[in-house]
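Asker: Below: one structure in structure tokens.
Every read-out reported here was derived from the displayed coordinates using simple, explicitly stated rules and does not represent laboratory data. Please read all numbers here as calculations on a predicted model, not as lab measurements. For neighbour counting, all protein chains shown are included, and Cβ atoms are generated from backbone atoms with ideal geometry for every residue, glycine included.
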Amino acid sequence: MCGITGYIGYRDAYPIVINGLKRLEYRGYDSAGIMMYDGDVMHLSKTKGKVSDLEVITNKEEIRKEGRIGIGHTRWATHGVPNDTNSHPHFSQSGNLVIVHNGIIENYDTIKKELISRGYEFQSDTDTEVLVNLIEEVKKTEGCKLGKAVQLALTQVIGAYAIAVFDKSKPNELVVARLGSPIAIGVGNENKEFFVASDASPFIEYTKNAIYLEDGELAIIKKDKGIKVRKIDNDKLVDANIQELQLSLEQIEKGGYDHFMLKEIYEQPKAIIDTYRGRMLPDEGIIKMAGVDDNISKFLNADRIIIVACGTSWHAGLVGEYLFEDMARIPVEVEYASEFRYRNPIITEKDVVIAISQSGETADTLAAIKLAKSKGAFVFGVCNVVGSSIARETHAGAYTHAGPEIGVASTKAFTTQITVLSLIALKLAKKRGTLSQTAFQQYLQTMQLIPNQVEQLLKIDKQVEEIAAVYKDAKNCLYLGRGFNFPVALEGALKLKEISYIHAEGYPAAEMKHGPIALIDENMPVFVIATKRGHYEKVVSNIQEIKSRSGKIIAIVTEGDETVKEIADHTIEIPETEEALTPLLTTIPLQLLSYHIAVMLGKNVDQPRNLAKSVTVE
Ligand code: F6R
């Protein structure tokens, strides 16, 4: 959480830093700040609110006119409420050092007390102000330069960080470091300029060359001289690996849509194709996935598969459980990474752990991976962000290739994660002989139809919008599904609550009678997924039970369904496909529905309150 940007070079730093913050706002948006150095004075502007609020202030203060060096921050509060004082950047007591930080310093209280005993005073409640003063203290007591002081200070802290630090007395230098939070350095024109950011999006129009710092590394960036990367714990110099970015500007802009979420919903047909392109080869009757092929014995000899993830990715993992068990007959457990990491789980060398994460930076998932590795399990990553921490920490993996997902509510990440999991399940089913070649081939043919079917579903957007208008003022909603569509019910409920703030719960349809049915009355909209082959008759009975208690029923059915149409208040039809692949379709109207309700309620769809796209804290 939190986004950091920085620039050092020959251009005006202000537009680079402020526009960079706008692109990183998905990481946190409860306050924002910027420091510009004009060669003499460090100008600071910061405020509670969004980057646009910061811009109003910087326009008035005109700090943007000057400066070839700048750092900026967009915050998701951890220590200290979101207010002007707690916003970053933070100065050290002398006013010579300034820092932006993404992460949490867990032992900040102990360090703060020590610094107070040495005469330091603090303006904010943040752990970050403690860190910048610790660096100042180390610099003073050790008589060292900024880079060394940062390094020594970091050896004293426990926690996670990505930081950028500037020292007025070293005006051609920026120091950055990371542990547990990402940081990318853009290498500009002939080493004459450098960019720093939580991801590469802030500098994509300036350079395609980036260095991604590894955990425990620190970089001293010197204008006109270049970059030196070292290990924080042992001072060893590291060869900085410059990568060519594949990201384009177009991918990170709204492209005519009102919101990123809507754009990303509409990108799903293409995203699904990008996910299976080159992997699913129906003509040859095979699925090729290097990460699986190279480690096929691990998968085939696995006693079980454990899937770890959080939020929407966890829901995709649940779909994965149904897929792996149904097709490949391998036992699967799906775990919240946050629970798994702390409950002393039983993991053996014969387990395959699949970690699913859009961002590839989720702290709990990362910790679960490290735990599984320490117990000898083979860990496979399913990530969207190329080069992310989870992609690097896992033994092997498969990217989802969904393209950048910027809306905080995950949409195309979910469907592409399910696509990857379907491919792996099918591949293993074929290898294990649990699916005949004919059935396998049938799946590949059917999968190929999915992108067009999603396209077709997107055309009912208007119908979904009309349904949204009817239920937008509901205070509570229920989502029901069975089998492959039980996780879709959970995901539908999550989408609604996170962007519209309407309370919603997802349940397996048959569980309703064990409690939730007590909630049903004429004010309760119930969204039910009732696809043709998904325990259809049973779900129809559940729908009848809701009807007889006056609940409002909005059913997602297979096209041509007549039975449910007669009972439900509204029906949304999805094209026919294999039951195992229906989550790729049933989820689309639920995404659209949440989107329209949130828009009608005037909520900030792309940046819902209290959330952030990348959850790099516990
Ligand atoms: C919900 C949402 C979150 C994420 C969760 C995990 O729309 O986006 O629930 O799914 O924070 O994030 P990743 O997938 O980046 O690990």
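Asker: How about residue 350: which lysines have a C-alpha closer than 27 Å to its C-alpha, ignoring those fewer than 8 places off in the same chain?
Answerer: 288, 298, 370, 373, 375, 427, 430, 431
Asker: Loop only by DSSP, 13 or fewer other Cβ within 10 Å of the Cβ. Give me the trypsin sites (Lys or Arg not before Pro) in the range 546-618 that pass, ordered by residue number.
Answerer: Sparse-neighbourhood loop trypsin sites (Lys or Arg not before Pro): 609.
Asker: Further, regarding this structure: May I ask you to derive the FRET efficiency for residue 523 and residue 254 from their Cβ-Cβ distance with R0 = 30 Å, giving the value to the nearest 0.05?
Answerer: Here the calculated transfer efficiency is 0.25.
Asker: Please enumerate, by chain and number, the lysines with C-alpha under 24 Å from the C-alpha of residue 222, excluding those fewer than 8 residues away in the same chain.
Answerer: 65, 139, 140, 145, 148, 168, 170, 192, 208, 231, 236
Asker: Which ³J(HN,Hα) values in Hz, rounded to whole numbers, follow from the phi angles of the range 28-45 under the Karplus curve 6.51 cos²θ - 1.76 cosθ + 1.60, where θ = phi - 60° and Gly and Pro get x?
Answerer: Per-residue couplings from phi come out as x, 8, 9, 6, 8, x, 8, 10, 10, 10, 9, x, 9, 10, 8, 8, 10, 9 Hz.
Asker: Using only the alpha-carbon atoms, how far is helix 146-155 inclined from the longest principal axis of the chain? Give it as 0 to 90 degrees, nearest 10.
Answerer: So the inclination is approximately 50 degrees.
Asker: Cut-off is 10 Å between beta-carbons; in what order do 478, 581 appear when sorted fewest neighbours first?
Answerer: So the residues, fewest neighbours to most, are 581, 478.
Asker: Can I ask one more? So which lysines can residue 547 reach, going by Cα to Cα under 25 Å and dropping same-chain residues fewer than 8 places off?
Answerer: By straight Cα distance, residue 547 reaches 472, 475, 495, 497, 513, 532, 538, 565.
Asker: For each of 35, 280, count neighbouring Cβ atoms within 10 Å of the residue's Cβ, then give the residues from fewest to most.
Answerer: Listing 35, 280 from fewest to most nearby Cβ atoms yields 280, 35.
Asker: Sequence-distant or interchain residues sharing an amide H contact under 5 Å with residue 552, placed H: which?
Answerer: Hits under the 5 Å cutoff: 524, 526.
Asker: Starting at the first residue of the range 330-339, write each ³J(HN,Hα) from the Karplus equation 6.51 cos²θ - 1.76 cosθ + 1.60 with θ = phi - 60°, in whole Hz, x for Gly and Pro.
Answerer: Ordered by residue, 3J(HN,Hα) equals 10, x, 10, 10, 10, 10, 5, 4, 5, 7 Hz.
Asker: On to the next question. Between the range 232-278 and the range 309-385, how many Å separate their Cα centres?
Answerer: Centre-to-centre (Cα) distance: 23 Å.
Asker: Would you pull out the residues with amide H under 5 Å of residue 280's amide H, same chain only if 5 or more places away, H placed 1.01 Å from N?
Answerer: 288
Asker: Write out the trypsin sites (Lys or Arg not before Pro) in the range 277-340 meeting two conditions: DSSP loop, and at most 11 other Cβ atoms within 10 Å of their Cβ.
Answerer: Values: sites: 277, 279, 288, 298, 304, 329; in loops: 277, 279, 288, 329.
Sites meeting the loop and neighbour criteria: 277.
Asker: If you don't mind, there's one more thing I want to ask. Scaled to the compact-protein estimate 2.2 N^0.38 Å, what is the alpha-carbon radius of gyration of the chain, rounded to two decimal places?
Answerer: 1.01
Asker: I've got another one for you. In percent, how large is the relative contact order of the chain, given Cα pairs closer than 8 Å and 6 or more residues apart?
Answerer: Details: 1397 pairs, mean separation 71.1, N = 618.
The normalised contact order for the chain reaches 11 percent.
Asker: If one takes the longest principal axis of the Cα atoms in the chain, at what angle in degrees, from 0 to 90 and to the nearest 10, does the Cα axis of helix 363-374 lie?
Answerer: Computed tilt is about 80 degrees.
Asker: Antiparallel DSSP bridges in the chain: what percent, to the nearest 5?
Answerer: Bridges in the chain are about 60 percent antiparallel.
Asker: Another question about this same structure. Along the range 410-415, what does the Karplus equation 6.51 cos²θ - 1.76 cosθ + 1.60 (θ = phi - 60°) give for ³J(HN,Hα), rounded to whole Hz, x for Gly and Pro?
Answerer: Using θ = phi - 60°, the values come out as 6, 10, 5, 4, 4, 5 Hz.
Asker: A follow-up question, please. When the Cα centres of the range 454-468 and the range 117-186 are compared, how far apart do they sit, in Å?
Answerer: Going from one Cα centre to the other spans 51 Å.
Asker: If a/c stays under 1.5 just call it rounded; otherwise compare a/b with b/c (prolate if a/b is bigger, oblate if not). Do that for the range 260-457, with a ≥ b ≥ c from the square roots of the Cα gyration tensor eigenvalues.
Answerer: It comes out oblate by the Cα gyration axes.
Asker: Among 178, 118, 75, which comes first, then next, by fewest other beta-carbon atoms within 10 Å? The partial results should precede the final answer.
Answerer: Details: 178 26, 118 10, 75 29.
Ascending number of Cβ neighbours within 10 Å: 118, 178, 75.
Asker: Which of the GluC sites (Glu not before Pro) found in the range 107-178 are in a DSSP loop and have at most 12 neighbouring Cβ atoms, other than their own, within 10 Å?
Answerer: Listed in order of number, the matching sites are 121.
Asker: Taking Cα pairs under 8 Å and at least six residues apart, what relative contact order does the range 430-550 come out at, in percent?
Answerer: On the way: 122 pairs, mean separation 28.6, N = 121.
The value is 24 percent.
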